[in-house]
Amino acid sequence: MAEMPEEVARRYRTVGQQLSAAVAAAGRPPDSVLLLAVSKRQPVESLAAAYAAGARDFGENYVQEALGKVDQLPLDARWHLIGHLQSNKAKRAAEAFHCIHTLDRPSLAGALEKAVAERRGRLQVLLQVNVAGEESKSGTTPEGAESLARRMAEWPHLWLRGLMTIPPYLTDPEQVRPHFRALRALRDRLAALALPGLEMTELSMGMSHDFPVAVQEGATIVRVGTALFGERP
Ligand SMILES: *Cc1c(COP(=O)(O)O)cnc(C)c1O
């Protein structure tokens, strides 16, 4: 069952307070972490309730599902793709999304570049890194991320902003911490290469149960679904 709109608003405020508290406790500036509302499989009424409560950034896993929601929210909502992207959907993804968190291979970068080159502007992207080396997960290796970062000049319409990871699901957030730390270390290492045109400021990491730990480890975007919207229908 989807949550009632008042319940989504209440949860949005609670998560916002928890995030602010985590940011302050980490000694980081207020507003240094973006709360991305992960709305996959949630009805558009729940997204509208989160929007009314202040949410502007929404994370979706599937291009098709997101396209069905984009037109139903105000124009200033921003859409982030956080699920695996097939190259044959790159064109539609490039049109709908403000940021793609799951760039993990040169062929996909090429498909996105082609799609964005046909229109104005640049598309923000993050490199998805499988820091734990899990067989079942998409994302590139740390070496693959470095190779992609070094090749970004080949795709001038893509604006590389940083890294994203989906660590193993471990109920104890302390056990996830090393994976967050590894992503941050990789981000710092790639930033130190000072490759032209790369900013490497963003770290998309942390979900409902472990975002406070991710904030301690330097997350700049936390992706929160269940804590905001309740269990997915
Ligand atoms: C579903 C999902 C989330 C949100 O997970 P919750 O545990 O519901 O907060 C975050 N990131 C990705 C990549 C997801 O697929």
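The values are calculated or read from the model by the stated rules, or taken from the named source; none is laboratory data. On a predicted model such as this, the values are computed, not experimentally measured, just so you know. Reconstructed Cβ throughout: ideal geometry from the backbone, glycine too, with neighbour counts over all protein chains shown. What goes into the accessible areas is simple: the full protein's heavy atoms, side chains included, and nothing from ligands, DNA or RNA. Shrake-Rupley method; radii C 1.70, N 1.55, O 1.52, S 1.80 Å.
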(request) Divide by every residue of the chain the summed helix terms, -39500 (n - 2.57) for each DSSP H run of at least 4, and state the resulting mean residue ellipticity at 222 nm, rounded to the nearest 500 deg cm²/dmol. (result) -12500 deg cm²/dmol
(request) Please state the charge dipole magnitude for the chain, taken about the Cα centre, from unit charges on C-beta atoms (+1 on K and R, -1 on D and E), reported in debye and rounded to the nearest 20. (result) 440 debye
(request) Using only the Cα atoms of segment 1-119, each taken as one equal point scatterer with no solvent, compute I(q) by the Debye sum, divide by I(0), and report log10 of the ratio at q = 0.13 Å⁻¹. (result) -0.58
(message) 7 Å from Cα along Cα→Cβ at both residue 114 and residue 135: what's the point-to-point distance in nm?
(response) 3.3 nm
(request) Considering only 59, 144, 68, give the residue with the highest GNM mean-square fluctuation for the chain, with springs between Cα atoms whenever their separation is below 10 Å. (result) 68
(message) Need the full-extension length gain, residue 107 to residue 45, defined as separation in residues times 0.36 nm minus the C-alpha distance. One decimal, nm.
(response) 18.7 nm
(request) May I ask you to give the percent of accessible area on the chain that is carbon plus sulfur, with a probe radius of 1.4 Å? (result) 53 percent
(request) Rank 47, 35, 75 by mean-square fluctuation in a GNM of the chain with C-alpha springs under 10 angstrom and give only the top-ranked residue. (result) 75
(message) Using the Kirkwood formula on the Cα atoms of segment 143-233, what hydrodynamic radius do you get, in angstrom to one decimal?
(response) 14.1 Å
(request) Counting residues in segment 1-43 as N, plug N into 2.2 N^0.38 Å and put the Cα Rg over that result. (result) 1.38
(request) May I ask for the net charge around residue 84, where only other residues with Cβ less than 15 Å from the Cβ of residue 84 are counted and Lys, Arg are +1 while Asp, Glu are -1? (result) +1
(request) Any chance you could run the full-extension gain for residue 192 through residue 122? It's 0.36 nm times the residue separation minus the Cα-Cα distance, nm to one decimal. (result) 22.9 nm
(message) If I build a Gaussian network model for the chain, linking alpha-carbon pairs within less than 10 angstrom, which residue out of 199, 118, 60 has the largest mean-square fluctuation?
(response) 118
(message) Once R0 is set to 30 Å, what does the formula 1/(1 + (r/R0)^6) return for the Cβ-Cβ distance between residue 154 and residue 185, expressed as a FRET efficiency to the nearest 0.05?
(response) 0.70
(request) Starting from the Cα-Cα distance between residue 71 and residue 26, subtract it from 0.36 nm times their residue separation and give me the gain in nm to one decimal. (result) 12.5 nm
(request) In nm, give the distance between the simple-model label positions of residue 172 and residue 13, each being 7 Å from the Cα along the Cα-to-Cβ direction. (result) 3.5 nm
(request) Report, as a whole number in µm² per second, the diffusion coefficient that Stokes-Einstein gives for the chain at 25 °C and 0.890 mPa s using the Kirkwood radius over alpha carbon pairs. (result) 137 µm²/s
(request) Select from the chain the helices, each a whole stretch of DSSP H, whose alpha-carbon atoms run 27 Å or more along the helix axis and whose Kyte-Doolittle mean is at least -1.0; answer none if there are none. (result) 5-25, 173-192
(request) Tell me the label-point distance for the pair residue 98, residue 226, using the 7 Å Cα-to-Cβ offset, in nm and rounded to one decimal. (result) 2.6 nm
(request) Send over the Kirkwood Rh of segment 66-183, from the inverse of the averaged 1/r over different Cα pairs, rounded to one decimal Å. (result) 15.1 Å
